[in-house]
Structure formats: C-alpha cells, structure tokens
Amino acid sequence: MFPQQAWFTAPKADPIVALRAFDNALKAGTNAQLLAAYDFLRSLGASALANVPTSLFVGLLERLVDPASSDVAGLTGTRRTDAAARIRSDFLESGHAASREVDLLALRSARFVDNDHLDRAVRLFRDIVGKDSVGTGATSAQAAAEQTVNAAASKADPTPSQDTPAAEVDANAQAAGASNASAAARRRPASAPADRVLCDELVAAFAAHGHVAVCKALIARMLEARIQPEVSTFCHLLDAYCNAGDLTSAETLSAQILSHGTPEQIAWARESLLIGFSRLGNATKAQKYFDALSRFSNGAVQTARAKDIKGAAGVGKAQSIQTTAQFNALIRVSCERGLPGEVMRVYKTMRHEGVEANSETYALMIRAYGRSKNLTAASRLFYKKENVPGFVPSTDMQAALIEAYILAGESLLAWRVLADPATDPSKQPALPSHWTFGPPQHLRNKQKRSSEAVSEQAAAASLFQRITLDMVAPLAKDLSGKHIDYLRDRMRLANIPAEARSVVIAQLMRAALVDSPAYGAQDTKLALDLYGEFTAEGGSARGTLVPVSAHAAAVEALGIAGRTDEAVALFERTLEDAAIAGEATAAYTALFAGLAAAAGSPSTAEAAVKYLALMQRDGVVADAMTLTHAARCFGSQDEARSKLDGVLTGATARGIVPDPSRHDALYMLVGAEAVESVCSLLQ
C-alpha cells in the first residue's frame, strides 16, 4: 500500500515533487506536515518558491493565523509572528507580485505576539505603510543586529515586514531597476481603504494585551489623519477593555456597538464581554451574555472576529448556534468556582447543540476535575482523547493533568505525564530549529559553534516547545523545600530520558524564579540547586548540554540571592553561547533582573551602565522586559533616565510600548513617548 506520509514529503530535491507535497499537505496534512513540506520547498531556493501559486501562500498563512489554534506545530506567541513574517518575505523575494491577502494575513499574526515584543507589530506596520522600511528577510535582520540600539533606531527596523497594500509600484522605482522596484513594492503607500484595515490590525495587536491607552490613542490619531474608524475598530477597543479587566468601560462601549453595529459586530461585542466576565468568575454576567448570544449564528461571530480580508461578509439569517469559545467561557467560570458538576452539564449541552469541543475545553475540564480531587475523571478524559486518531493533546491539557496529580499528592504520576512528550516527539510535533525567524543575535568576531553542538542545541530547542513552563510549574512547587534527591528519584522512576533532563531542569529553574499564585513563591535556592544538577556528582543531568536558559536562570538567581559577583562572572562566561544560540537578549534580561535586586547601590548602577554599553556595542536589541529590569537597577527615576537616555530613545523609535503593570519601571520613564511614537506612524 502506498504510504500516506509520502503524500506530504518529497523524497528528493525536485521542486515539482516538493510543490506537490506542499499542496497535498495544505489540503489534507497536519500543521506540522504542512510547515515541514514548506520548509523543504524553501530550502530549494527562491526559484522553487517562484512556482508556488499565491493561493498556496494564502492557505499557509491562514493556517498560521487561525485564532482557533493555540499553537501551530509548536509555534506559539512571537515565533508564530516571526514565521508569518518569514513566509511573506519569501513570497516577495521569490518574485511574486504583492498580494493584499498575503499582506493582511501576515499582519494579523501580530495579534499572537508576546507582551514583551509588541514592537514587532509596530515594525510590521511601519514597513507596510512605508515608514523607514529597508525591506525584509534575514539579511536586513543581521545587518541591524550589527548596529547599536541607537543606530538601529535611526535607521530601519530589522524585523521582516508583514503587510503591503495592493497598489501599483512607483514609476520611478520601475525605472531604477528590478531590485529597486522590489524594494519599492514593499514600501508603497496604502490606499485609503487599506489604511483603515491596517490601523484596525495594529489596534487589534495592542488590544490582545489590554493596552487600552494605546488603542484609544491610535483611534484618536486615525481621526486626525482622516482615517475613519468603523464599528469593528471599536470592537477591538472593547476587546482591550475586556483583556485589561475593565468590564465597566467595556459594557459602556458595548451599548454604542449594540446601537450601531451589524448583527455580527453585536455578537462579537457580547462574546468579548462573555469571555471577559468568565475570566473574573462572574457567573451571572457570563450567563447573561451567553443567553443573549443564542440569537446569533456561529458563522456570523467567526466572520466578525476573523475580519474577512476579502470583503465584508453578508449578514445571513440569524441561527440558534453558539461557538466553542462561548461554551468554553461558561466552563471556565464553573472551573474557577470549583463546580465540576456544572462543568459537565455545560459540556453535555455543548455536545447536544452540536458544538465541537477543542483542546481548551478539555484542559478546562481536566483542571476542574483535578481541583475537586477527582483524578479518575481527569485521567480518563485525558487518555481517552489521547487515543483518538489524529488528536494530539495540547500542552495545556498536559499541564492541567500534571496539576491535578500534584494537587492529589500523586507526584510520580505527574512526572510520568511529563515524560510522555519528552520521549515521544509525535505528541507535540515541533518545527526544525531553523524555523526560528526572529532577528539573529550574535557577538562580533566570535567563532561559530561546532556542528555537533548546534545539533544538540537544536534538539534541546525542540524539547522546549513540547515541555512548557506551565507544565513544569506544579512540579517546581512540589520540589520547593525538598532535598535534591527527591528530584533525582522522580526523574529515574518516571523514566525521563537523559537527553530531555537538561531541558526539564532548565524549565524548572525558570518556574522557580516566577513569583505568582499559579507558580508559587519565588525560590532562588531551588533554582540554584537545580543548576547544580549539571555538574554535581550524581546529578540527574550531569554531562548533558546545559541549555542557555539554564545559565540565564542561574545568573538571575545568583543576583537575587545577593551573590552579584558570581552572577556577573557566570554571565560573562556564558554570554558567547547565548549569543550564538540567538538568546543574547534573554541573557542580558536575566543579568539586569539579578542586578536590580541590589538597586540603589553605586556598584549596581555602574554595572548596569557597563553592560548596557556592552549590549549596545554588540548589537543586542533589548526588549521591553530587558529595559524594565535595567531601569530598576538605578536608585531613582531621574538617575535611570539620565543613564538610559540613548537606549530609551532608540527603544521608543523601534516601537517598544511598555505595559503599565508588567513593565512598570520602563513605563514610568517612556510611557507617553512610546505611545506617541506608535501614533506618529499614522501621520
């Protein structure tokens, strides 16, 4: 029998066969098969991509930005945005004419970007509307990495562009030659309708993280620039209120949407309110909006939320069908209130109505069972779904089951759940390491790592995608206060393979340094004890490759513990490895987080200034969290402003926008300037 897997793979470097495999994967393959098929096709060069129809690029991006998927073959958050940027860059550089569909789908990926990297959304928008664009691709990213932060800010942004409106190439650029025409095609001005759509996408990216002030400022600037916002624009603002937890303002705004919006937009507003109140555990309000949504069809809500890029969808006859997200919101309320019986009632209603459950549904149900100590129901649901052909349990489901076992005192069973993705990559398929599309960070005049070490690092990176921080957080809480032999015993009895232990320990170290209700109190002693497992006699990870993130966590833990000199020494020893692995920003973030624990002393301020200069010299681009920790290293805001003046100017020019709650120190310094810098793009 002809193997089905052969439909999605090319046995040799034949562009025609590779294109057929890519087409088949798009039609019938999984996300991992699709991205692997495209990865092989792009490895054949631009000439092979030139034969790929625009419709296939559109189909690939639609999969990548599907809001129903929490991850796409291991791609989550900023990596998902970077992947969309790379695909669009491939599309343009292989000679395709600019496509509005490709551009808008790529820009939509900015909604998934992490809160620390919202400047990616700004960079994408800047490139699309022709503000300081220098093109796309790895070459421009590497060139930007070689500049200091200030130089990078005064020039163009290194991140690949995401959106180019469908206008004609400038006549002067056509006369200048093919290369200039290609660059101009990515910089040409947007038409008036496209401007509004692009602005909506920029607002949506900030709304996803609850940046209400930025969203309101952008809408005000749209009016000043004579770009008329539509009801959908204010639906994004309502999302921002809901994500920020300001449901009072959200309800006030929703009254206007209910008066002037289409049925789809009304359903959008009510669903946002339903989800917002469910996060707060307000069952009465959640049920109110759930009942109100029964008048709207599933398709209408999805159309309004997806913002159909091909044109406004017609308003069909209202149907009594509700969405998975709406039922999940009701389940979440019951889960937070500790009512597993109500969870099951809602789930049965959901299935009776013919609404399909997804991984989020099952994760919430498992968590509800776990918190009520019903391990039988939790494990039965997980393993029942695991055995369904074609269904891959999400990392959220695995994290929920691990939490359930830990709450019931069954730590060994929890570790065995963790061992599953560590030993069977098919449980959470991950992309090759070279699908990391963020700007490469490296130090000058440093030799490349050997191919063997690179392969080991790639394998570790693959495991990091399958063993997430949320999965190990309950295990880190369980380890706190226990002897290190307890960890070694769990590793051995759970059969955690040697090649996975280094990744597990690195993630446990990171979880130990988080101080939150979900992760528990910060435990620097545990983090340092775990780091010792790489070198101690009898250590569970002795002799394995130490992940860069483990070094970074150790640097931060040493600094918090008051051992600043040791933290600095470890940072300097491991910085080269971090830079080669593309994790230099994370290394500096950890260093500044450690130094900030001793804020106010002259030596801390001197060290912060020294390493900020080193970071700039080596072209390491700081993110919002890096600058936040750096700002905390100084005794006062005035001192921080004077020492960080050049860095802050470059950061705001790049589009970094701090979150008032997460990046408090940075927000106090540049909050208003950052918002104004973003809004200036609409002039």
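Given the structure, is L644 among the hydrophobic types (A, V, I, L, M, F, W, C) and over 25 Å from the mean Cα position of the chain (by Cα)?
Taking the combined requirement at face value, the residue satisfies it.
Scanning the range 34-63 for residues that are surrounded by 19 or more Cβ atoms within 10 Å (Cβ to Cβ), touching a His at 6+ places or on another chain (Cβ under 9 Å) and in a helix (DSSP H, G or I) returns L49, F57.
Within the range 536-570, the set of residues being in a loop (DSSP other than H, G, I, E, B), open to solvent by less than 30 Å² (accessible area, probe 1.4 Å) and not hydroxyl-bearing (S, T, Y) comprises G539, A541, P547. Filtering the range 206-215 to residues that are assigned to a helix (DSSP H, G or I), open to solvent by 10 Å² or more (accessible area, probe 1.4 Å) and over 16 Å from S677 (Cβ atoms) leaves only V212. Residues of the range 483-497 that are exposed (fewer than 13 other Cβ atoms within 10 Å of the Cβ) and free of Cβ contacts under 8 Å to residues at least 60 places away in the same chain: H483, D485, R492.
Got at least one residue in the range 656-664 being open to solvent by 10 Å² or more (accessible area, probe 1.4 Å), farther than 24 Å from A553 by Cβ and at pLDDT 85 or above? Yes. Residues of the range 624-636 include none that is assigned to a helix (DSSP H, G or I), polar (S, T, N, Q), open to solvent by 10 Å² or more (accessible area, probe 1.4 Å) and out of contact with any Lys or Arg (no Cβ under 7 Å at 6 or more places or on another chain). Annotation note: Cβ proximity below 7 Å between a residue of the range 498-516 that is outside any helix (DSSP H, G or I) and a residue that is buried (at least 24 other Cβ atoms within 10 Å of the Cβ) (sequence gap 6+ or interchain) occurs for L513/A527; L513/A553; L513/E556; L513/A557.
Restricting V503, V514 to residues that are open to solvent by 30 Å² or more (accessible area, probe 1.4 Å) and hydrophobic (A, V, I, L, M, F, W, C) narrows the list to V514. Determine whether A225 is touching a residue at least 12 places away in the same chain (Cβ under 8 Å), within 25 Å of the chain's Cα centre (by Cα) and open to solvent by 20 Å² or more (accessible area, probe 1.4 Å). It is false that A225 is touching a residue at least 12 places away in the same chain (Cβ under 8 Å), within 25 Å of the chain's Cα centre (by Cα) and open to solvent by 20 Å² or more (accessible area, probe 1.4 Å). So which residues in the range 371-395 are open to solvent by 60 Å² or more (accessible area, probe 1.4 Å), assigned to a helix (DSSP H, G or I) and modelled with pLDDT of 90 or more, if there are any at all? Listed by number, the residues that qualify are R371, T376, R380. Quick one: would you say E533 is open to solvent by 30 Å² or more (accessible area, probe 1.4 Å), part of a helix (DSSP H, G or I) and either closer than 24 Å to R617 by Cβ or touching a Ser or Thr at 6+ places or on another chain (Cβ under 7 Å) (or both)? Criteria not met by E533.
Of these, S294, S259, S272, which one is touching a helix residue (DSSP H, G or I) at 6+ places or on another chain (Cβ under 7 Å) and either modelled with pLDDT under 95 or under 30 Å from L339 (Cβ atoms) (or both)?
Matching residue, one of S294, S259, S272: S272.
Among the residues of the range 84-101, write down those that are in a helix (DSSP H, G or I) and either in contact (Cβ under 8 Å) with a residue 60 or more places away in the chain or open to solvent by 10 Å² or more (accessible area, probe 1.4 Å) (or both).
Once the filter is applied, which keeps residues that are in a helix (DSSP H, G or I) and either in contact (Cβ under 8 Å) with a residue 60 or more places away in the chain or open to solvent by 10 Å² or more (accessible area, probe 1.4 Å) (or both), the range 84-101 yields A84, A85, R86, R88, S89, D90, L92, E93, R100, E101.
Residue-wise test of (1) assigned to a helix (DSSP H, G or I); (2) surrounded by 18 or more Cβ atoms within 10 Å (Cβ to Cβ).
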{"residue": "Q322", "(1), (2)": "no, yes"}
{"residue": "F327", "(1), (2)": "yes, yes"}
{"residue": "I331", "(1), (2)": "yes, yes"}
{"residue": "C335", "(1), (2)": "yes, yes"}
{"residue": "V343", "(1), (2)": "yes, yes"}
{"residue": "V346", "(1), (2)": "yes, yes"}
{"residue": "R351", "(1), (2)": "yes, no"}
{"residue": "E356", "(1), (2)": "no, no"}
{"residue": "E360", "(1), (2)": "yes, yes"}
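Does A590 satisfy being open to solvent by 40 Å² or more (accessible area, probe 1.4 Å), small (G, A, S) and closer than 23 Å to A665 by Cα? Criteria not met by A590. Pairs meeting the criteria (first residue in the range 525-544 and over 22 Å from G481 (Cβ atoms), second residue polar (S, T, N, Q) and surrounded by fewer than 19 Cβ atoms within 10 Å (Cβ to Cβ), beta carbons under 9 Å, at least 6 apart or on different chains) are R542/T535.
Among the criteria (1) aliphatic (A, V, I, L, M); (2) part of a helix (DSSP H, G or I); (3) within 29 Å of the chain's Cα centre (by Cα); (4) over 21 Å from S411 (Cβ atoms), the one M471 does not fulfil is (4). Put simply, of A554, A521, A527 the only residue that is at pLDDT below 90, within 25 Å of L595 (Cβ to Cβ) and more than 23 Å from the chain's Cα centre (by Cα) is A521. Quickly run through the range 271-292 and pick out the residues that are open to solvent by less than 40 Å² (accessible area, probe 1.4 Å) and either in contact with a Cys (Cβ under 7 Å, 6 or more places away or on another chain) or not in a helix (DSSP H, G or I) (or both). S272, L273, I275, G276, G281 - these are the residues of the range 271-292 that are open to solvent by less than 40 Å² (accessible area, probe 1.4 Å) and either in contact with a Cys (Cβ under 7 Å, 6 or more places away or on another chain) or not in a helix (DSSP H, G or I) (or both). For residues that are in contact (Cβ under 8 Å) with a residue 12 or more places away in the chain, farther than 16 Å from L104 by Cβ and out of contact with any Phe, Trp or Tyr (no Cβ under 9 Å at 6 or more places or on another chain), tally how many sit in the range 44-72. Number of matching residues: 11.
Does K643 fit the bill of being of a type in the set (K, R) and under 27 Å from P547 (Cβ atoms)? For K643, the condition - of a type in the set (K, R) and under 27 Å from P547 (Cβ atoms) - is not met. Selection over the range 228-270 of residues that are open to solvent by less than 20 Å² (accessible area, probe 1.4 Å), outside any loop (DSSP other than H, G, I, E, B) and under 21 Å from V197 (Cβ atoms) gives a count of 12.
The values are calculated or read from the model by the stated rules, or taken from the named source; none is laboratory data. The model shown is predicted, which means the values in this text are computed figures rather than measured ones. FYI the Cβ positions are ideal-geometry reconstructions off the backbone, even for glycines, and counts take in every protein chain you see. These area figures cover heavy atoms from the full protein model, side chains too; ligands, DNA and RNA do not enter into them. Shrake-Rupley method; radii C 1.70, N 1.55, O 1.52, S 1.80 Å.
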